[in-house]
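Novice: First the structure, which I've put down as structure tokens, then a few questions once you've had a look.
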Amino acid sequence: MSNQFDRQGAALFWTADSGAAILMAGALAAGVAAAARGDHGNVLVAVAGLIAASLLRAAIQIGATDAGEIGAVCAKTSWRNRVYPRILVAAPGDRRMLGEAVADAVDRIEDLGGFHARFQPLRRAAVLSPLVIAVAAAFGSWVAGAIMLATLMPFALGMALAGSAAARAAARQLDALSRLSGLFVDRVRALPVIVGFGAQDRIGRHLADATREVATRTVDVLKIAFVSSAIIEFFAALSVALVALYCGFNLLGILPFPAPETLTLGQALFVLVLAPEFYLPMRRLAAAYHDKQVGEAAVERLEKIAPPSPASSPRAIEAPPALRFDGVVIDYGETAIGPFTLDVAAGTTFALRGATGIGKSSLLHALLGLAPIGRGRILIDGRDAATVALPGHIGWAGQSVAFIPGTLADNIRLARPEADDSEVEAAARSAGLGPMIEARGQGMSLPLDHRGSGLSGGERRRVGVARVLLKDAPLWLLDEPTADLDARSAADIAGILASAATGRTVLMVTHSAELAAIADSEMVLA
């Protein structure tokens with residue numbers, strides 16, 4: 001809403017700029033006419049009016065720029081809120097490089113700046129401002145006003161033709177930029193492997209080819225931009241010249257046809273000063289037209305990452321739900337897993353066991369929408385899983401525990417940011433981190449990096465369990481929560497989960513028969 005208000009405010013500012021231009025033209029014409037009559041008193045008044053109109057116009061343009069930038073910031077913030085959560089997980093069946101997705105989320109959002117700050121406000125102003133100028137010019141010369149309106153059509157046609165070509169070139173350029181960014185980021189991530197296998201030259205050639213493609217696409221965009229600018233400037237100059245010829249010939253009385261009106265020096269100068277102002281809003285729009293093409297191409301790519309929200313938002317779960325997997329086949333393209341059919345009663349603990357690679361973790365991912373379902377369906381309390389908001393409303397402990405740079409408390413508090421210090425520490429101690437907290441001597445302020453350096457594999461698992469305990473959600477999804485733990489620690493975690501899971505729906509994947517023993521029901525996948 002704020003973004004829309006700021007864009008409308010910027011458009012109003014740019015429209016008001018045309019009003020200030022009319023005041024400047026009127027003051028200038030009145031001053032020249034007074035000087036020709038030798039009326040020095042009115043000359044001073046006209047000069048004062050010209051200065052005031054100039055200052056007003058400067059203030060209006062500053063306001064228009066500021067309002068446009070505020071609107072752009074709001075739009076980019078809105079897109080970041082939509083896109084960033086989607087980047088943290090892979091969309092079902094997504095085969096893009098991670099670096100390409102990150103480049104789209106960062107660079108393409110920045111590409112929206114000019115689109116919202118300049119093009120959209122100028123597009124609205126370009127519709128109204130020329131009409132305001134033409135009406136004002138008609139008071140000085142209705143013929144000149146008619147000339148302005150008549151030359152508007154080829155000007156608009158030239159912009160449309162240039163814009164269609166620029167749109168295709170801008171889309172190709174963004175594709176090339178995203179591929180280059182993705183290639184670079186992914187190759188940097190794999191640098192130790194590249195060096196280990198001596199593949200530096202081959203990877204260097206890949207990057208060089210991608211860089212040359214970006215350069216070629218960029219030159220194509222610049223060619224179209226220069227050609228379109230030349231066409232638009234030609235039509236604008238031609239139109240201004242027609243107005244100038246008419247006014248000059250009318251004043252000299254040498255029009256090749258009967259004069260439809262007789263102009264004074266002040267009227268002719270007023271119209272002549274307004275002629276460039278008539279095309280200025282459209283020239284500004286033409287200068288920002290590249291922002292339009294880049295912005296629309298960026299929106300197209302961003303909507304592939306974060307499609308528009310449906311009319312009815314998914315509902316969050318408020319009580320322990322019943323789960324049903326009905327003939328679910330998880331299709332990764334070359335590999336399909338399933339079908340799986342199982343029921344998890346509300347408020348019970350269900351254990352999935354089976355050999356590695358059988359599809360246990362994939363079932364959890366499919367429930368969260370992170371694995372592509374080829375056939376079958378997943379129901380939550382009888383509703384399709386896609387209509388239920390699970391992310392952010394469940395307790396999750398995966399096979400790998402993610403960390404952020406910060407303290408131990410910061411990393412556990414990720415599960416529930418509003419939790420106070422006592423709740424976070426209680427969850428940590430309930431997960432069996434008490435001895436580690438005491439031994440390190442820094443308590444919950446123990447610093448951690450993004451790798452969780454300094455923690456053993458078992459301690460990292462306990463951080464994941466602590467997050468689940470802190471979340472206090474009605475549905476828990478646990479993926480090998482006792483892996484990397486010794487037998488005693490695994491038994492401790494099993495006991496903690498057994499007591500804390502009472503009254504919740506828990507679906508857990510495990511190889512451990514001891515952990516599966518705490519479940520109300522169990523299925524072994526084969």
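The values are calculated or read from the model by the stated rules, or taken from the named source; none is laboratory data. Since the model is a prediction, treat every value here as computed from it, not as a measurement. Heads up, the Cβs are rebuilt from the backbone with ideal geometry, glycines too, and the neighbour counts pull from every protein chain shown.
Novice: Within region 447-456, does at least one residue satisfy the condition of being under 18 Å from T482 (Cβ atoms) and of a type in the set (A, V, I, L, M)?
Specialist: Our first condition is that a residue be under 18 Å from T482 (Cβ atoms); within region 447-456, this holds for 452, 455-456.
Remaining after also requiring of a type in the set (A, V, I, L, M): 455.
The answer is yes; a qualifying residue exists.
Novice: Sticking with this structure for a sec: What tally of residues in region 469-489 results from selecting those that are more than 17 Å from A351 (Cα to Cα) and within 33 Å of the chain's Cα centre (by Cα)?
Specialist: Matching residues across region 469-489 total 4.
Novice: Among what's in region 490-509 and is at pLDDT below 85 and either in a strand (DSSP E or B) or over 21 Å from A415 (Cβ atoms) (or both), pick the residue that is nearest to the chain's Cα centre (by Cα). Quick ask: steps written out before the conclusion?
Specialist: Within region 490-509, the subset at pLDDT below 85 is 490-503.
Right, trim to either in a strand (DSSP E or B) or over 21 Å from A415 (Cβ atoms) (or both) and you get 490-491.
Details: A490: 43, A491: 46 Å.
The residue in question is A490.
Novice: While we're on this one: Give the number of residues within region 240-276 that are more than 17 Å from A146 (Cβ to Cβ), small (G, A, S) and not in a helix (DSSP H, G or I).
Specialist: Residues in region 240-276 being more than 17 Å from A146 (Cβ to Cβ), small (G, A, S) and not in a helix (DSSP H, G or I): 1 in total.
Novice: Something else now. Is there a residue in region 41-59 that is surrounded by 15 or more Cβ atoms within 10 Å (Cβ to Cβ), under 25 Å from F270 (Cα atoms), in contact with a Phe, Trp or Tyr (Cβ under 7 Å, 6 or more places away or on another chain) and modelled with pLDDT of 90 or more?
Specialist: No, every residue in region 41-59 fails to be surrounded by 15 or more Cβ atoms within 10 Å (Cβ to Cβ), under 25 Å from F270 (Cα atoms), in contact with a Phe, Trp or Tyr (Cβ under 7 Å, 6 or more places away or on another chain) and modelled with pLDDT of 90 or more.
Novice: Checking V328 against (1) farther than 26 Å from L470 by Cα; (2) surrounded by 17 or more Cβ atoms within 10 Å (Cβ to Cβ); (3) at pLDDT below 85; (4) β-branched (V, I, T), only one condition comes out false. Which one?
Specialist: For V328, the failing item is (3).
Novice: Mind checking which residues of region 473-489 are aliphatic (A, V, I, L, M) and outside any helix (DSSP H, G or I)? Talk me through it step by step, then tell me what you get.
Specialist: Going through region 473-489, the residues aliphatic (A, V, I, L, M) turn out to be 473, 475, 477-478, 483, 485, 487.
The answer is A473, L475, L477, L478, A483, L485.
Novice: Sticking with this structure for a sec: Look at S489 and say whether it is among the hydroxyl-bearing types (S, T, Y), more than 19 Å from S361 (Cα to Cα), free of Cβ contacts under 8 Å to residues at least 12 places away in the same chain and surrounded by fewer than 19 Cβ atoms within 10 Å (Cβ to Cβ). Give the derivation first.
Specialist: On the way: among the hydroxyl-bearing types (S, T, Y): yes; more than 19 Å from S361 (Cα to Cα): yes; free of Cβ contacts under 8 Å to residues at least 12 places away in the same chain: no; surrounded by fewer than 19 Cβ atoms within 10 Å (Cβ to Cβ): yes.
Judged against the criteria, S489 is not a match.
Novice: Residues being in contact (Cβ under 8 Å) with a residue 60 or more places away in the chain and more than 36 Å from the chain's Cα centre (by Cα): count how many of those fall in region 422-463.
Specialist: Residues in region 422-463 being in contact (Cβ under 8 Å) with a residue 60 or more places away in the chain and more than 36 Å from the chain's Cα centre (by Cα): 3 in total.
Novice: Does S181 count as among the hydroxyl-bearing types (S, T, Y) and under 23 Å from A101 (Cα atoms)?
Specialist: yes
Novice: Inside region 160-175, can you point out the residues that are at pLDDT 65 or above and either buried (at least 20 other Cβ atoms within 10 Å of the Cβ) or not in a helix (DSSP H, G or I) (or both)?
Specialist: A166, A169, A170, Q173, L174
Novice: I've got another one for you. Can you tell me which residue is modelled with the lowest pLDDT among those in region 1-35 that are over 30 Å from L269 (Cβ atoms) and of a type outside the set (G, A, S)?
Specialist: If we take residues in region 1-35 being over 30 Å from L269 (Cβ atoms) and of a type outside the set (G, A, S), then M1 is modelled with the lowest pLDDT.
Novice: Another question, if that's okay. Quick test of your reading of the structure: G374 fulfils all but one of (1) surrounded by fewer than 14 Cβ atoms within 10 Å (Cβ to Cβ); (2) touching a residue at least 24 places away in the same chain (Cβ under 8 Å); (3) more than 28 Å from the chain's Cα centre (by Cα). Name the failing condition by number.
Specialist: With respect to (1) surrounded by fewer than 14 Cβ atoms within 10 Å (Cβ to Cβ); (2) touching a residue at least 24 places away in the same chain (Cβ under 8 Å); (3) more than 28 Å from the chain's Cα centre (by Cα), G374 is out only on (1).
Novice: Something else about it: Out of the residues in region 345-368 that are at pLDDT 85 or above and hydroxyl-bearing (S, T, Y), which is surrounded by the most Cβ atoms within 10 Å (Cβ to Cβ)?
Specialist: T349
Novice: Something else: Please go through region 383-405 and give me each residue that is closer than 15 Å to D449 by Cα, under 27 Å from the mean Cα position of the chain (by Cα) and buried (at least 16 other Cβ atoms within 10 Å of the Cβ), ordered by number.
Specialist: F403
Novice: Among the numbered criteria (1) at pLDDT below 85; (2) among the aromatic types (F, W, Y); (3) surrounded by fewer than 16 Cβ atoms within 10 Å (Cβ to Cβ), which single criterion is violated by F249?
Specialist: (1)
Novice: Right, next: Checking the condition under 45 Å from the mean Cα position of the chain (by Cα), loosely packed, with under 14 Cβ neighbours inside 10 Å and among the hydrophobic types (A, V, I, L, M, F, W, C), which residue from L222, L272, L180 passes?
Specialist: L222 is the lone residue from the list that is under 45 Å from the mean Cα position of the chain (by Cα), loosely packed, with under 14 Cβ neighbours inside 10 Å and among the hydrophobic types (A, V, I, L, M, F, W, C).
Novice: Still on this structure, please answer the following. From the list E318, E300, which residue is under 19 Å from V388 (Cα atoms), under 35 Å from the mean Cα position of the chain (by Cα) and of a type in the set (D, E)? Even if it seems obvious, please write down each step before you answer.
Specialist: Working: E300 fails: under 19 Å from V388 (Cα atoms).
So the residue among E318, E300 that is under 19 Å from V388 (Cα atoms), under 35 Å from the mean Cα position of the chain (by Cα) and of a type in the set (D, E) is E318.
Novice: Considering only region 446-464, I want to know if a residue exists there that is small (G, A, S), at pLDDT 85 or above and either touching a helix residue (DSSP H, G or I) at 6+ places or on another chain (Cβ under 7 Å) or part of a loop (DSSP other than H, G, I, E, B) (or both).
Specialist: No, region 446-464 contains no residue that is small (G, A, S), at pLDDT 85 or above and either touching a helix residue (DSSP H, G or I) at 6+ places or on another chain (Cβ under 7 Å) or part of a loop (DSSP other than H, G, I, E, B) (or both).
Novice: I've got another one for you. Hey, I305 hits all of (1) aliphatic (A, V, I, L, M); (2) crowded, with 19+ Cβ neighbours inside 10 Å; (3) modelled with pLDDT of 80 or more but one; which does it fall short on?
Specialist: Among (1) aliphatic (A, V, I, L, M); (2) crowded, with 19+ Cβ neighbours inside 10 Å; (3) modelled with pLDDT of 80 or more, the lone unmet condition for I305 is (3).
Novice: Of these, P372, P307, which one is touching a strand residue (DSSP E or B) at 6+ places or on another chain (Cβ under 8 Å) and not small (G, A, S)? Break it down into steps so the answer makes sense when it comes.
Specialist: On the way: P307 fails: touching a strand residue (DSSP E or B) at 6+ places or on another chain (Cβ under 8 Å).
It is P372.
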